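A short write-up of the structure that comes next.
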Amino acid sequence: MALPPEAAGHAAESSGLRGGSAHKAGQRRDSVVIRFAGDSGDGMQLAGMQFTAESALAGNDIATLPDFPAEIRAPAGTIAGVSGFQVNFSSNEVFTAGDEPTVLVAMNPAALKANLDDVPPNGVIIVDKEAFSEANIKRAGYTSNPLNDHSLDKYQVFQVDVTKLTTTALHDTGLNNRAVFRCRNLFVLGMISWLYQRPIESTVRWLEGRFKKTPDLLNANVKALRAGYNYGETTEMFASSYEVPPARIVPGTYRNITGNTATALGFVAASVRSGRPLFLGSYPITPASDVLHDLASLKNFEVYTFQAEDEIAGVASAIGAAFGGAIAITTTSGPGMNLKAEAVGLAVKTELPLVITDIQRAGPSTGMPTKPEQADLLQAMYGRHGESPIPIIAASTPADCFDCAYEAVRIAIKYMTPVILMTDGQLANGAEPWPLPDANKLPEIKVEFRTDPNGFMPYIRDPETLSRPWAIPGTPGLEHRIGGLSSEDQTGNVSYSPANNELMVRTRARKIAGIAREIPPTTVFGDQNGGDLVVLGWGSTYGSIREAVKQIREKGKSVSHIHLRYLNPLPSDLESQLRKFKKVMVAEMNMGQLLKLVRADYLIDAIGCNKIQGRPFKVSELTSRISRVLEG
Amino acid sequence: MATALSRKDFVSDQEVRWCPGCGDYAILAQVQRIMPEFGIPREKIVFVSGIGCSSRFPYYMNTYGFHTIHGRAPAIATGLKVTRPDLDVWVVTGDGDGLSIGGNHLIHALRRNVDFKILLFNNRIYGLTKGQYSPTSEVGKVTKSTPAGSVDFPFNPITVALGSSATFVCRTVDVEQKHLGEMLKRAHQHRGASFVEILQNCNIFNDGAFNELSDKQIKADHQLVLEHGKPLIFGKNKDKGIRMNVQRAEVVQLGNGVTEKDLVVHDETNLSLAFMLANFEAPLPTPVGVFYATSRPTYDGAMNKQLADAKAKSGTGDLQELLNRGDTWKVN
Ligand SMILES: Cc1ncc(C[n+]2csc(CCOP(=O)(O)OP(=O)(O)O)c2C)c(N)n1
Ligand code: SF4
Ligand SMILES: [Mg+2]
């Protein structure tokens with residue numbers, strides 16, 4: 001784990017990285033955090049993702065956090081165009097992608113400048129020496145070359161001729177300079193793979209798949225990768241390679257998965273298990289689009305993807321599909337949620353099953369579209385006209401997105417209601433190892449369409465769940481009309497009766513509140529019988545909070561962690577659990593939205609811990625805050 | 001089907017709540033009358049509407065129905081039709097619902113050619129909200145929201161539909177029961193999005209907006225009934241026609257050497273002709289009938305074909321195989 005106190009020590013140890021010795025035996029490390037940074041065109045995401053895959057195959061626990069600019073191609077060499085990918089791989093359990101990189105790979109001066117503040121003293125920096133041309137240095141906003149002006153003296157800097165070495169390795173491939181330049185990321189990946197003893201064969205296989213139709217490029221990329229690997233072996237620069245032994249992970253078969261892919265798979269699994277086709281109506285928006293992309297290629301799973309003309313049509317088409325009996329979903333981010341709000345109200349009123357996925361990003365307005373935030377919670381709770389409660393489920397890790405997407409569909413169908421699933425940009429693009437579930441052991445999702453015309457009315461209710469029948473067009477004898485107008489209990493006929501309106505509003509609210517019956521008891525990490533402080537969180541802050549709480553507990557302090565998956569309704573035992581603690585602190589990436597709910601619902605004088613920077617909490621930020629609260 | 005259905009089978013038990021004298025009654029009556037002719041079981045028929053007086057329509061049809069939200073009916077119907085190609089889907093909308101708040105969904109449904117019928121009730125006014133001007137109201141129109149007259153240039157629904165690459169475009173009039181019935185039949189026969197503009201009288205907020213086309217005394221001189229393959233003739237005595245004068249259409253009096261041979265012959269497959277007819281302004285008559293009809297693959301058909309092809313090629317998806325995809329590793 002790369003955590004602030006350890007990381008410093010870690011970096012100190014790494015001084016052994018410095019070369020000169022002929023002998024290159026591996027040294028052990030518990031965990032390492034590498035950040036690959038370069039121009040958006042430099043392929044750093046790819047290098048990072050492949051390194052992650054290699055590390056996962058090597059048995060480490062891992063967590064990753066990509067960080068890309070909103071501009072697809074900001075001017076080359078500028079700070080605005082810097083793209084980064086951080087991976088934390090460890091022999092221990094990993095909760096976050098790491099606060100600070102132990103190793104920073106900077107492909108140009110801008111990448112160095114944009115990331116330097118995060119590198120701890122004595123940290124390792126590997127640069128492409130030739131990229132530090134006068135023009136690039138100026139473009140990055142440096143006045144002098146940082147490689148020569150002693151400004152990097154407190155770090156261990158390795159200047160590698162990446163461009164030259166890649167060019168030399170590929171001299172006989174016949175590729176032009178531009179194409180050769182684009183292989184630099186593979187050279188770096190090879191070099192770093194050697195440094196941390198990662199076999200590169202899985203990357204070779206991956207390249208074979210990717211460049212199936214362009215053998216020239218395949219050949220060049222593989223060559224660059226192997227050249228980088230061999231360079232690590234032969235150069236005098238690195239004293240040794242490092243071994244990060246496998247983590248003790250629960251036995252099973254694993255794959256590495258991002259939150260967006262997990263979300264897509266969760267929906268497909270729910271569709272397959274329910275025996276109904278999946279329909280996604282969606283309009284592209286960062287960071288949600290990958291769910292659309294993933295699902296668009298799964299047509300043989302009876303998955304319909306409709307790229308609508310806007311977000312309103314995205315949700316509206318899904319409502320139409322739900323009316324017809326499909327597993328209907330829509331995916332978007334905050335701005336799209338605003339557009340969908342009116343239609344979601346229709347789904348509430350007509351009581352149709354639907355999952356609305358909000359993959360949150362930093363707002364307001366376009367804000368920082370590629371950065372995570374959790375400021376849509378109150379919008380999900382209340383951002384509609386009229387009384388329209390909706391169940392809300394939030395995923396806490398990339399792999400958890402699978403379970404949450406699945407659960408969202410299950411609840412939507414069981415209770416005939418729209419459900420909001422919340423993730424964010426960090427979960428969407430972050431990745432972690434995922435133990436493959438057994439498809440046959442997933443919870444049952446029962447779809448029972450009404451077929452019996454006897455006694456049928458659109459708004460009669462199941463006595464237990466209060467859900468109304470799903471009566472789809474095509475069923476003889478059940479012809480009926482539904483709509484947004486207030487409707488009479490049972491018959492569903494348009495009704496302006498004041499008492500009936502209140503009855504229907506309250507019944508729907510009771511239906512949603514009743515879901516709490518099946519929410520599992522709240523689990524407390526830490527002091528089961530209460531203690532000095534509990535940190536309450538939801539969503540992607542899980543890893544940072546858990547790690548911070550663990551660290552403080554190791555010092556013998558009484559701090560615990562409760563993390564919510566169900567935000568509406570809240571678990572029925574949550575209040576009593578919170579009341580066991582002297583202090584309650586709600587940590588979230590907004591100005592205190594869950595905090596408001598907790599204070600309002602329970603009259604508990606909870607305090608907030610908030611960050612609105614489009615960046616996850618650092619563990620160190622949380623530990624220092626927790627320590628202060630414990631002292632104060 | 002065992003027994004043929006009758007008009008009554010399509011009448012729901014709900015009390016119809018339009019203003020007495022509203023043109024919507026005539027449209028409802030004709031739709032209910034024509035439905036049995038299609039021979040489709042009631043449970044397979046769905047009416048989807050937006051919001052407006054016109055959009056109350058589904059409540060009165062004894063089929064499946066969905067009264068949705070303002071302007072979004074085409075989008076909702078798209079999701080329904082794509083996943084349920086077995087259904088006979090009708091969209092009912094108004095000039096405000098379909099051309100103002102829902103304009104975006106209308107044009108995209110038309111260009112995609114989703115296989116449903118769109119009935120746009122055009123009364124050139126916002127009825128339900130009590131009489132504001134609409135996107136089809138004429139410049140100068142005095143309404144509650146335009147006391148000094150509208151300065152808003154109107155849409156022509158037919159050119160909007162043609163411009164959206166609609167594959168079937170027609171216009172008819174609420175009180176022209178026979179013609180309305182024919183247009184509904186043509187729309188129903190068509191595969192793809194059929195756009196039917198129905199000129200509808202709102203006797204409360206815009207009475208007489210289409211008098212020239214519905215008043216028996218004068219309509220023959222103002223209405224040009226389009227019939228495929230027939231010359232463009234109109235007038236009480238069928239003695240007026242449309243002739244091309246270089247590139248412009250003009251009205252000519254038949255006789256005195258002018259014969260039917262000199263007139264434009266209607267061709268539903270000619271898009272340029274359709275645009276020209278759609279833009280007719282006085283003194284040219286107002287065309288009703290089918291402006292344009294062509295055939296193009298439907299969106300729902302194409303999408304379902306992609307799904308079928310994917311299944312044929314790779315077999316029906318295996319969930320466990322999907323979950324296990326990519327590089328996996330075992331931890332013992
Ligand atoms: C989101 C939203 N905005 C505004 C309204 C109010 N509204 C209801 S119907 C309507 C106009 C309807 O005009 P049109 O579509 O021409 O239907 P008509 O009543 O004339 O048949 C308006 C503005 C609404 N229901 N929803
Ligand atoms: S207001 Fe006009 S359109 Fe609406 S029901 Fe009355 S007459 Fe018909
Ligand atoms: Mg109108």
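The values are calculated or read from the model by the stated rules, or taken from the named source; none is laboratory data. Computed from a predicted model, the values in this text were never measured in an experiment. All Cβ positions, glycine included, derive from the backbone under ideal geometry; neighbour counts span all protein chains shown.
Restricting attention to the range B:15-48, the residues that are over 22 Å from B:P74 (Cα atoms), within 12 Å of another protein chain (Cβ to nearest Cβ) and away from ligand 2 (no atom under 15 Å from the Cβ) add up to 1. Each residue in the range B:195-242 was checked for being of a type in the set (A, V, I, L, M, F, W, C), more than 16 Å from ligand 2 (Cβ to nearest atom) and within 19 Å of the chain's Cα centre (by Cα), and 6 of them qualify. Taken across the range A:327-335, residues that are in a strand (DSSP E or B), among the polar types (S, T, N, Q) and either closer than 30 Å to A:N493 by Cα or without any contact (Cβ under 8 Å) to a residue 24 or more places away in the chain (or both) do occur, with at least one present.
Of all residues in the range A:458-488 being among the hydroxyl-bearing types (S, T, Y) and outside any strand (DSSP E or B), which is farthest from the other protein chains (Cβ to nearest Cβ)? Checked the range A:458-488; the qualifying residue farthest from the other protein chains (Cβ to nearest Cβ) is A:T465. Looking at the range A:539-632, the helices (runs of 4 or more DSSP H) lying wholly inside it that each contain 2 or more residues that are in contact with a Phe, Trp or Tyr (Cβ under 6 Å, 6 or more places away or on another chain) sit at A:542-554. Applying the set (1) surrounded by fewer than 16 Cβ atoms within 10 Å (Cβ to Cβ); (2) within 20 Å of B:E37 (Cα to Cα) to B:R186 leaves exactly one unmet item: (1).
Of all the listed residues (B:N156, B:N122), the sole one being within 16 Å of ligand 2 (Cβ to nearest atom) and not aliphatic (A, V, I, L, M) is B:N122. If the condition is being part of a loop (DSSP other than H, G, I, E, B) and of a type in the set (D, E), then the range B:95-142 contributes B:D115, B:E138.
One line per residue, one yes/no per condition, for (1) touching a residue at least 24 places away in the same chain (Cβ under 8 Å); (2) among the aromatic types (F, W, Y); (3) surrounded by fewer than 16 Cβ atoms within 10 Å (Cβ to Cβ); (4) away from ligand 3 (no atom under 16 Å from the Cβ):
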residue	(1), (2), (3), (4)
B:D24	yes, no, no, no
B:M35	yes, no, no, yes
B:I40	yes, no, no, yes
B:E43	no, no, no, yes
B:V48	yes, no, no, yes
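Please tell me if B:G52 is within 8 Å of chain A (Cβ to nearest Cβ), of a type in the set (G, A, S), crowded, with 24+ Cβ neighbours inside 10 Å and in contact with a helix residue (DSSP H, G or I) (Cβ under 6 Å, 6 or more places away or on another chain). Steps first, answer last, please.
Values: within 8 Å of chain A (Cβ to nearest Cβ): no; of a type in the set (G, A, S): yes; crowded, with 24+ Cβ neighbours inside 10 Å: yes; in contact with a helix residue (DSSP H, G or I) (Cβ under 6 Å, 6 or more places away or on another chain): yes.
Judged against the criteria, B:G52 is not a match.
Check B:P74, B:P85 and return the single one that is over 24 Å from B:D13 (Cβ atoms), more than 16 Å from ligand 2 (Cβ to nearest atom), touching a helix residue (DSSP H, G or I) at 6+ places or on another chain (Cβ under 7 Å) and in contact (Cβ under 8 Å) with a residue 60 or more places away in the chain. Of B:P74, B:P85, the one residue that is over 24 Å from B:D13 (Cβ atoms), more than 16 Å from ligand 2 (Cβ to nearest atom), touching a helix residue (DSSP H, G or I) at 6+ places or on another chain (Cβ under 7 Å) and in contact (Cβ under 8 Å) with a residue 60 or more places away in the chain is B:P85.
Give the residue, chosen from A:V559, A:V505, A:V534, A:V549, that is at pLDDT 95 or above and touching a helix residue (DSSP H, G or I) at 6+ places or on another chain (Cβ under 6 Å). Write out each step before concluding.
Details: A:V505 fails: touching a helix residue (DSSP H, G or I) at 6+ places or on another chain (Cβ under 6 Å); A:V534 fails: touching a helix residue (DSSP H, G or I) at 6+ places or on another chain (Cβ under 6 Å); A:V549 fails: touching a helix residue (DSSP H, G or I) at 6+ places or on another chain (Cβ under 6 Å).
So the residue among A:V559, A:V505, A:V534, A:V549 that is at pLDDT 95 or above and touching a helix residue (DSSP H, G or I) at 6+ places or on another chain (Cβ under 6 Å) is A:V559.
Among residues of the range A:249-283 being part of a loop (DSSP other than H, G, I, E, B) and assigned by TED's automatic domain parsing to the domain that holds A:S333, the one that is surrounded by the fewest Cβ atoms within 10 Å (Cβ to Cβ) is A:G275. Condition test on B:K178, is it more than 22 Å from B:H108 (Cα to Cα), part of a helix (DSSP H, G or I) and either among the basic types (K, R) or within 16 Å of ligand 2 (Cβ to nearest atom) (or both)? So B:K178 fits the description; yes.
Residue by residue, here is whether (1) within 18 Å of the chain's Cα centre (by Cα); (2) farther than 26 Å from B:M303 by Cβ; (3) within 13 Å of chain A (Cβ to nearest Cβ) holds:
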site	(1), (2), (3)
B:I76	yes, no, yes
B:T83	no, no, yes
B:V89	yes, no, yes
B:D95	yes, yes, no
B:G103	yes, no, yes
B:N123	yes, yes, no
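Quick one: in the range B:30-63, of everything that is in a strand (DSSP E or B) and farther than 22 Å from B:H179 by Cα, which residue is nearest to ligand 1 (Cβ to nearest atom)?
Narrowing the range B:30-63 to residues in a strand (DSSP E or B): B:45-49, B:61.
Now restrict to residues that are farther than 22 Å from B:H179 by Cα: B:45-46, B:48-49.
Values: B:I45: 21, B:V46: 20, B:V48: 14, B:S49: 10 Å.
Restricting to residues being in a strand (DSSP E or B) and farther than 22 Å from B:H179 by Cα, the top hit is B:S49.
Could you go through the range A:239-248 and let me know if any residue there is outside any loop (DSSP other than H, G, I, E, B), over 24 Å from A:L65 (Cα atoms) and of a type outside the set (D, E, K, R).
Scanning the range A:239-248, I find no residue that is outside any loop (DSSP other than H, G, I, E, B), over 24 Å from A:L65 (Cα atoms) and of a type outside the set (D, E, K, R), so the answer is no.
Check the range A:561-571 and report whether any residue there is more than 19 Å from A:C404 (Cβ to Cβ) and surrounded by 17 or more Cβ atoms within 10 Å (Cβ to Cβ). Scanning the range A:561-571 turns up no residue that is more than 19 Å from A:C404 (Cβ to Cβ) and surrounded by 17 or more Cβ atoms within 10 Å (Cβ to Cβ).
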